[in-house]
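One structure below.
The values are calculated or read from the model by the stated rules, or taken from the named source; none is laboratory data. Remember, it's a predicted structure, so these values are computed and weren't measured experimentally. Counting neighbours? That spans all protein chains shown, and the Cβs are built from the backbone with ideal geometry, glycine included.
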Amino acid sequence: MHQVACAAADSDARPVLAGVYVRLHESTATLAAADGFRLALKQIALPVPVATKQEVIIPAPALRELGGLLGETTETISMSVSAAALGSASATQAIFTTTNITLSTRLIEGQFPNVERILPQGCTTRAILDVRELNRAVKLAGLIASVSQNVVKLSLSADEATQTGTVMLSANAAGIGTNTGAVEGQIAGEGGQIALNVKYLGEALAVIGTPQVALEMVTAQAPGVLRPVGQNPGLSGVEGGYVHVIMPMALR
């Protein structure tokens, strides 16, 4: 749940975006959050299929609190919602239960955007990178980018013959200076440049959950996509069961 809650909006200006959409359908649980600048979607196989499709929006702070209480446990979590919340205009509450924890929270009313429809389909460049190395480069770039609208430029270049290459990260701020870093990895495709919010990129890497991450792009005007590498194939074509999308910023 922490993989998704990080993408929820901090503001209540649009209440549905301050929550995490949860859909239980047949044998799959889908969790999604989006704040207008990024989107995270997680799919989980349910141990027991649900009899009736259920869709609710849970406040992101409640899920963050639940994640903190659970820690690294792998215990199964039971979630129940009041009957009034299902297909009703008035939201009530959701209750999460484990052996030692019971947490209840109100539900958010409203219609969550159809995020699956806007997930990028395909890419022209795909880089598989070490998460720790990329995160280190992102943090260094963030020291400069944080005082310059959080913009970090990523330049992907690939050797077509070996399908290896380099991702160059650069950030600059007037009167302060420039930071440039490089991360090598497996890179296939055309290459290119994209500018992303360094804060969002760092938060996505912090929850990706695997030693390697796939960074995908099409053009500088299209979103950047992060996916875990090395997990079991995901449901409904979502690799590793998780995808994190970050909207691009203007290249400088």
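Of the numbered conditions (1) within 18 Å of the chain's Cα centre (by Cα); (2) in a strand (DSSP E or B), S80 satisfies every one except a single condition; which is it?
Going through the list (1) within 18 Å of the chain's Cα centre (by Cα); (2) in a strand (DSSP E or B), S80 breaks only (1).
Quickly run through the stretch 38-67 and pick out the residues that are β-branched (V, I, T) and closer than 16 Å to V16 by Cα.
V56, I57, I58 - these are the residues of the stretch 38-67 that are β-branched (V, I, T) and closer than 16 Å to V16 by Cα.
Would you mind finding the one in A158, A204, A188, A171 that is over 18 Å from D130 (Cα atoms), buried (at least 16 other Cβ atoms within 10 Å of the Cβ) and either outside the structural domain of F37 (by TED's automatic domain parsing) or without any contact (Cβ under 8 Å) to a residue 40 or more places away in the chain (or both)? Spell out the reasoning first.
Numbers: A158 fails: over 18 Å from D130 (Cα atoms); A204 fails: over 18 Å from D130 (Cα atoms); A188 fails: over 18 Å from D130 (Cα atoms).
Being over 18 Å from D130 (Cα atoms), buried (at least 16 other Cβ atoms within 10 Å of the Cβ) and either outside the structural domain of F37 (by TED's automatic domain parsing) or without any contact (Cβ under 8 Å) to a residue 40 or more places away in the chain (or both) holds for just one of A158, A204, A188, A171, which is A171.
Under 9 Å between Cβ atoms, at least 6 apart or on separate chains: pull out the pairs that start in the stretch 135-152 with a residue that is under 16 Å from F37 (Cβ atoms) and end on any residue that is among the basic types (K, R) and in a loop (DSSP other than H, G, I, E, B).
Going by the 9 Å Cβ cut-off, the qualifying pairs are V151/R252.
Could you list all residues from the stretch 177-228 that are more than 19 Å from L140 (Cα to Cα) and hydroxyl-bearing (S, T, Y)?
Across the stretch 177-228, the qualifying residues are T210, T219.
Look at S82 and say whether it is at pLDDT 90 or above and more than 18 Å from F112 (Cβ to Cβ).
no
Name the residue, out of V238, V245, that is at pLDDT below 95 and in contact with a strand residue (DSSP E or B) (Cβ under 8 Å, 6 or more places away or on another chain).
Of the residues listed, the single one that is at pLDDT below 95 and in contact with a strand residue (DSSP E or B) (Cβ under 8 Å, 6 or more places away or on another chain) is V238.
A quick yes/no check of all residues on (1) surrounded by fewer than 16 Cβ atoms within 10 Å (Cβ to Cβ); (2) of a type in the set (G, A, S); (3) farther than 25 Å from P120 by Cβ; (4) out of contact with any helix residue (DSSP H, G or I) (no Cβ under 7 Å at 6 or more places or on another chain):
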site	(1), (2), (3), (4)
L17	no, no, no, yes
Q43	no, no, no, no
G71	yes, yes, yes, yes
T76	yes, no, yes, yes
